[in-house]
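The values are calculated or read from the model by the stated rules, or taken from the named source; none is laboratory data. Please read these numbers as outputs of a predicted model, since none were measured by experiment. In this analysis, Cβ positions are derived from the backbone assuming ideal geometry, glycine residues included, and neighbour counts consider all displayed protein chains.
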């Protein structure tokens with residue numbers, strides 16, 4: 001099959017299945033619920049869906065702990081339901097990429113059950129199992145993971161297994177060629193069914209330094225230098241590409257945790273034959289310190305510009321950017337990046353949308369982003385479901401200086417903010433379900449919901465449709481150069497895309513105030529094609545955005 005770069009023309013919509021649409025009244029979203037909303041996605045204009053995990057799982061981390069890679073979590077539906085969904089998507093011109101979670105499995109996976117119950121099991125070497133120090137009294141090293149826990153869990157008096165995430169997510173041993181063959185088999189299973197690609201979960205963690213050295217103790221993520229972008233990462237990814245992915249017209253996008261631009265280049269340069277794209281998270285760190293969301297700091301636009309400049313220039317003609325401002329691990333963008341989620345929610349949501357949509361790369365939209373859904377209205381620990389925030393809170397209880405910091409920010413920063421049920425209408429459970437959902441519905445469903453938004457004169461959904469329509473078949477947006485026009489301005493973001501003699505200029509006001517923008521006077525010969533105000537003066541209204549063209 002001929003390999004193409006179709007993903008460069010994709011508009012990808014991420015569905016978090018347990019929170020999208022519940023078809024059978026059990027409080028959980030499901031695959032039939034997704035099928036029922038496919039026309040909504042088609043009308044929005046998306047042509048690809050990224051589906052967060054639907055595999056069989058005990059759900060310790062909402063499906064990112066997989067117990068069977070070739071079956072569906074029963075409350076979500078069946079394999080037959082999945083095949084119907086895939087077929088219905090393809091009928092509508094919508095491709096499907098799945099979440100590939102192969103750094104770890106669930107602790108309830110048969111491989112792991114065999115590995116820990118029998119030291120002579122052939123599956124023992126499928127996982128990273130080591131003898132502890134001091135006759136098993138201490139872990140093999142002092143690494144910690146991403147969910148505020150030590151990275152080793154005891155199996156018996158002597159042995160421990162490695163888990164960089166929850167205890168129920170033991171890491172696979174990619175040094176074992178049998179593990180890599182299992183992964184290839186999983187890939188072929190879904191690709192042969194017709195799936196169009198994969199979002200590769202925490203893929204930069206699959207190779208560990210086999211010395212398993214201890215490190216100088218740190219407050220968080222100790223040992224990352226030995227398991228992020230490990231020594232055989234590129235070898236493994238090239239092997240997957242060569243043996244499987246290159247035989248299908250599919251794409252891959254890697255979640256590249258704690259990786260730099262230089263790391264990304266190595267992963268996505270076409271001649272290296274590894275991944276199609278990566279998710280970089282530098283822009284999501286513009287409102288925190290040290291890349292740690294709990295260490296919150298006020299957003300600064302010039303920091304964002306610096307990050308965007310680096311990635312837009314850095315990957316130009318040598319790779320391909322992914323573009324996103326929300327996903328299942330990030331809090332909602334409205335009310336973030338200096339914007340307003342109350343009286344200027346429409347203006348803020350549309351301004352952010354236009355600002356990232358016109359950059360070079362493939363745009364991702366997270367469910368609910370296109371109607372301006374906001375963070376949840378959580379007020380108590382009992383409201384939260386996220387294993388990360390629960391573990392972090394437990395850790396904070398033991399560290400006196402961390403406790404007030406976590407308590408202050410845990411409701412506004414928890415991943416649960418992106419996981420509240422999709423607000424389809426203003427009914428009791430937002431049209432998501434007929435019963436109390438697995439996590440509480442945001443009370444603002446009364447006025448923030450898809451049904452109402454499509455009726456509004458100021459419709460965020462309709463604005464996104466306009467952005468999508470403008471991007472499609474637009475060679476300037478796809479292949480043009482990028483130039484920031486006002487790097488040191490902390491109020492307004494202006495940039496230009498140029499291809500031959502054609503130009504697109506984007507100007508966005510990131511402040512809740514009127515700003516006179518001289519640059520607008522220089523665009524008198526340009527045509528204004530997209531705006532979230534009916535304003536044509538050189539004074540930008542609060543959170544105003546404009547897109548101009550000269551062709």
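In this structure, does residue 439 turn out to be buried (at least 16 other Cβ atoms within 10 Å of the Cβ), within 14 Å of residue 21 (Cα to Cα) and either outside the structural domain of residue 37 (by TED's automatic domain parsing) or modelled with pLDDT of 95 or more (or both)? Yes.
A search for C-beta distances below 9 Å between a residue of the range 378-399 that is within 15 Å of residue 439 (Cα to Cα) and any residue that is at pLDDT below 85 and in a helix (DSSP H, G or I), counting only pairs 6+ apart in sequence or on different chains, returns 381/393; 384/393; 389/406. On inspection, residue 137 fails the criterion of being free of Cβ contacts under 8 Å to residues at least 24 places away in the same chain, outside the structural domain of residue 65 (by TED's automatic domain parsing), surrounded by 14 or more Cβ atoms within 10 Å (Cβ to Cβ) and closer than 27 Å to residue 398 by Cβ. Among the residues of the range 496-514, those identified as surrounded by 17 or more Cβ atoms within 10 Å (Cβ to Cβ) and free of Cβ contacts under 8 Å to residues at least 60 places away in the same chain are 496, 503, 505, 507. Within the range 345-364, the set of residues being touching a helix residue (DSSP H, G or I) at 6+ places or on another chain (Cβ under 7 Å) and either under 29 Å from residue 277 (Cβ atoms) or in a loop (DSSP other than H, G, I, E, B) (or both) comprises 349, 350, 353, 354, 357, 358, 359, 360, 362, 363.
Candidates are the residues of the range 284-302 that are closer than 25 Å to residue 393 by Cα and out of contact with any strand residue (DSSP E or B) (no Cβ under 9 Å at 6 or more places or on another chain); the one that is modelled with the lowest pLDDT is 290. Could you check, for the range 4-15, whether at least one of its residues is surrounded by fewer than 20 Cβ atoms within 10 Å (Cβ to Cβ), touching a helix residue (DSSP H, G or I) at 6+ places or on another chain (Cβ under 8 Å) and either touching a residue at least 12 places away in the same chain (Cβ under 8 Å) or not in a helix (DSSP H, G or I) (or both)? The answer is yes, given that some residue of the range 4-15 is surrounded by fewer than 20 Cβ atoms within 10 Å (Cβ to Cβ), touching a helix residue (DSSP H, G or I) at 6+ places or on another chain (Cβ under 8 Å) and either touching a residue at least 12 places away in the same chain (Cβ under 8 Å) or not in a helix (DSSP H, G or I) (or both). Looking across 323, 384, one residue alone is in contact with a helix residue (DSSP H, G or I) (Cβ under 7 Å, 6 or more places away or on another chain), surrounded by 20 or more Cβ atoms within 10 Å (Cβ to Cβ), farther than 23 Å from residue 494 by Cβ and not assigned by TED's automatic domain parsing to the domain that holds residue 145. It is 384. Selection over the range 469-485 of residues that are in contact with a helix residue (DSSP H, G or I) (Cβ under 7 Å, 6 or more places away or on another chain) and either in contact (Cβ under 8 Å) with a residue 60 or more places away in the chain or in a strand (DSSP E or B) (or both) gives a count of 5. Among the residues of the range 516-551, the ones that are more than 13 Å from residue 505 (Cβ to Cβ) and either in a loop (DSSP other than H, G, I, E, B) or in the same structural domain as residue 350 (by TED's automatic domain parsing) (or both) come to 11 in all. Can you tell me which residue in the range 141-164 is surrounded by the fewest Cβ atoms within 10 Å (Cβ to Cβ), limited to those that are more than 23 Å from the chain's Cα centre (by Cα) and not in a loop (DSSP other than H, G, I, E, B)? If we take residues in the range 141-164 being more than 23 Å from the chain's Cα centre (by Cα) and not in a loop (DSSP other than H, G, I, E, B), then 154 is surrounded by the fewest Cβ atoms within 10 Å (Cβ to Cβ). Residues that are assigned to a helix (DSSP H, G or I) and farther than 28 Å from residue 366 by Cβ do not occur anywhere in the range 494-503.
Out of 375, 444, 417, one residue alone is modelled with pLDDT of 90 or more and assigned to a loop (DSSP other than H, G, I, E, B). It is 375.
Within the range 358-370, if we keep just the residues that are more than 16 Å from the chain's Cα centre (by Cα) and surrounded by fewer than 24 Cβ atoms within 10 Å (Cβ to Cβ), the residue that is nearest to residue 450 (Cα to Cα) turns out to be 359. Between 331, 303, the distinction of being over 17 Å from the mean Cα position of the chain (by Cα) and within 19 Å of residue 285 (Cα to Cα) belongs to 303 only.
Residue 192 - would you say it is without any contact (Cβ under 8 Å) to a residue 24 or more places away in the chain, touching a helix residue (DSSP H, G or I) at 6+ places or on another chain (Cβ under 9 Å) and under 25 Å from residue 274 (Cα atoms)?
No, not satisfied.
Mind listing whichever residues of the range 313-331 are outside any loop (DSSP other than H, G, I, E, B) and either without any contact (Cβ under 8 Å) to a residue 24 or more places away in the chain or within 24 Å of residue 370 (Cα to Cα) (or both)?
Answer for the range 313-331, where residues must be outside any loop (DSSP other than H, G, I, E, B) and either without any contact (Cβ under 8 Å) to a residue 24 or more places away in the chain or within 24 Å of residue 370 (Cα to Cα) (or both): 321, 322, 323.
For the subset of the range 251-273 comprising residues that are farther than 19 Å from residue 205 by Cβ and touching a helix residue (DSSP H, G or I) at 6+ places or on another chain (Cβ under 6 Å), which member is surrounded by the fewest Cβ atoms within 10 Å (Cβ to Cβ)? Among those that are farther than 19 Å from residue 205 by Cβ and touching a helix residue (DSSP H, G or I) at 6+ places or on another chain (Cβ under 6 Å), it is 273.
Within the range 237-282, the set of residues being in a helix (DSSP H, G or I), in contact with a strand residue (DSSP E or B) (Cβ under 9 Å, 6 or more places away or on another chain) and under 22 Å from residue 10 (Cβ atoms) comprises 237, 240, 241, 245, 264, 267, 268.
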